[in-house]
Amino acid sequence: QTEVIFPKYHDHYLGGHEFALQYTTDAPHWGGLSGCTFEEGISWGKERPESRKLQCFCDITIALPIVTSALIASGVKRA
(Lines give C-alpha, C1' and ligand atoms only; values in the text may rest on other atoms or scores of the structure.)
Protein backbone atom coordinates (compact mmCIF):
# COMPACT_ATOMS: atom_id res chain seq x y z
CA GLN A 1 0.00 0.00 0.00
CA THR A 2 3.01 2.32 0.05
CA GLU A 3 3.30 2.77 -3.71
CA VAL A 4 0.98 5.79 -3.71
CA ILE A 5 2.46 7.59 -0.69
CA PHE A 6 5.54 9.13 -2.34
CA PRO A 7 3.86 10.73 -5.37
CA LYS A 8 0.79 11.75 -3.37
CA TYR A 9 2.75 13.71 -0.78
CA HIS A 10 5.27 15.19 -3.20
CA ASP A 11 2.74 16.72 -5.63
CA HIS A 12 3.43 14.12 -8.31
CA TYR A 13 0.15 12.25 -7.98
CA LEU A 14 -1.04 11.42 -11.48
CA GLY A 15 -4.23 9.51 -10.76
CA GLY A 16 -2.90 5.97 -10.59
CA HIS A 17 -0.30 3.77 -12.20
CA GLU A 18 -0.20 3.19 -15.94
CA PHE A 19 0.78 -0.44 -15.44
CA ALA A 20 0.83 -2.88 -12.54
CA LEU A 21 2.49 -6.23 -11.98
CA GLN A 22 1.62 -8.40 -9.01
CA TYR A 23 3.36 -11.62 -7.98
CA THR A 24 1.40 -13.58 -5.40
CA THR A 25 0.87 -17.09 -4.09
CA ASP A 26 -2.59 -16.16 -2.77
CA ALA A 27 -5.86 -16.16 -4.65
CA PRO A 28 -8.68 -13.63 -4.15
CA HIS A 29 -11.38 -16.29 -3.81
CA TRP A 30 -9.71 -17.61 -0.61
CA GLY A 31 -9.40 -14.10 0.84
CA GLY A 32 -5.61 -14.28 0.89
CA LEU A 33 -5.04 -11.07 -1.05
CA SER A 34 -6.70 -9.02 1.71
CA GLY A 35 -8.32 -6.54 -0.65
CA CYS A 36 -5.25 -5.87 -2.79
CA THR A 37 -6.79 -7.00 -6.06
CA PHE A 38 -6.47 -4.71 -9.06
CA GLU A 39 -10.16 -3.89 -8.83
CA GLU A 40 -9.61 -2.70 -5.26
CA GLY A 41 -6.58 -0.70 -6.39
CA ILE A 42 -8.68 1.03 -9.04
CA SER A 43 -11.34 1.95 -6.47
CA TRP A 44 -8.64 3.54 -4.27
CA GLY A 45 -6.99 5.36 -7.18
CA LYS A 46 -3.80 3.29 -7.09
CA GLU A 47 -4.29 2.05 -10.64
CA ARG A 48 -6.09 3.60 -13.57
CA PRO A 49 -9.03 1.61 -14.96
CA GLU A 50 -7.34 1.58 -18.39
CA SER A 51 -3.92 0.62 -17.01
CA ARG A 52 -2.15 -2.52 -18.14
CA LYS A 53 -2.27 -5.12 -15.37
CA LEU A 54 -0.67 -8.52 -14.96
CA GLN A 55 -1.18 -10.86 -12.04
CA CYS A 56 1.22 -13.79 -11.70
CA PHE A 57 0.29 -16.58 -9.29
CA CYS A 58 3.78 -17.84 -8.51
CA ASP A 59 6.33 -17.70 -5.71
CA ILE A 60 8.59 -14.67 -6.17
CA THR A 61 11.75 -16.79 -5.78
CA ILE A 62 10.71 -18.61 -8.96
CA ALA A 63 9.21 -15.70 -10.92
CA LEU A 64 11.76 -12.93 -10.27
CA PRO A 65 14.81 -14.72 -11.75
CA ILE A 66 12.80 -15.68 -14.84
CA VAL A 67 11.45 -12.15 -15.37
CA THR A 68 14.85 -10.56 -14.67
CA SER A 69 16.60 -12.86 -17.16
CA ALA A 70 13.95 -12.12 -19.80
CA LEU A 71 14.29 -8.36 -19.31
CA ILE A 72 18.09 -8.51 -19.56
CA ALA A 73 17.90 -10.71 -22.66
CA SER A 74 15.44 -8.32 -24.33
CA GLY A 75 17.79 -5.38 -23.80
CA VAL A 76 15.64 -3.37 -21.39
CA LYS A 77 17.75 -0.58 -19.91
CA ARG A 78 17.92 -0.16 -16.16
CA ALA A 79 16.14 2.94 -14.86
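Details
- Pairs meeting the criteria (first residue in region 40-53 and more than 14 Å from Leu21 (Cα to Cα), second residue small (Gly, Ala, Ser) and at pLDDT below 80, beta carbons under 8 Å, at least 6 apart or on different chains) are Gly45/Gly15; Gly45/Gly16.
- The one condition in (1) assigned to a helix (DSSP H, G or I); (2) modelled with pLDDT of 75 or more that Arg78 fails to fulfil: (1)
- Flag for Glu47 being out of contact with any Phe, Trp or Tyr (no Cβ under 9 Å at 6 or more places or on another chain), surrounded by 11 or more Cβ atoms within 10 Å (Cβ to Cβ) and modelled with pLDDT under 90: no
- Among the residues of region 58-79, those that are farther than 28 Å from Pro28 by Cα and either of a type in the set (Gly, Ala, Ser) or in contact with a Gly (Cβ under 6 Å, 6 or more places away or on another chain) (or both) comprise Ser69, Ala73, Ser74, Gly75, Ala79.
- Residue that is surrounded by the most Cβ atoms within 10 Å (Cβ to Cβ), among those in region 50-59 that are touching a helix residue (DSSP H, G or I) at 6+ places or on another chain (Cβ under 9 Å) and assigned to a strand (DSSP E or B): Lys53
- The residue list Ile72, Ile66 contains one member that is modelled with pLDDT of 90 or more, of a type outside the set (Ser, Thr, Tyr), surrounded by 11 or more Cβ atoms within 10 Å (Cβ to Cβ) and over 15 Å from the mean Cα position of the chain (by Cα), which is Ile66.
The values are calculated or read from the model by the stated rules, or taken from the named source; none is laboratory data. Since the model is a prediction, treat every value here as computed from it, not as a measurement. Here the Cβ is made from the backbone with ideal geometry for all residues, glycine too, and neighbour counts use every protein chain on show.
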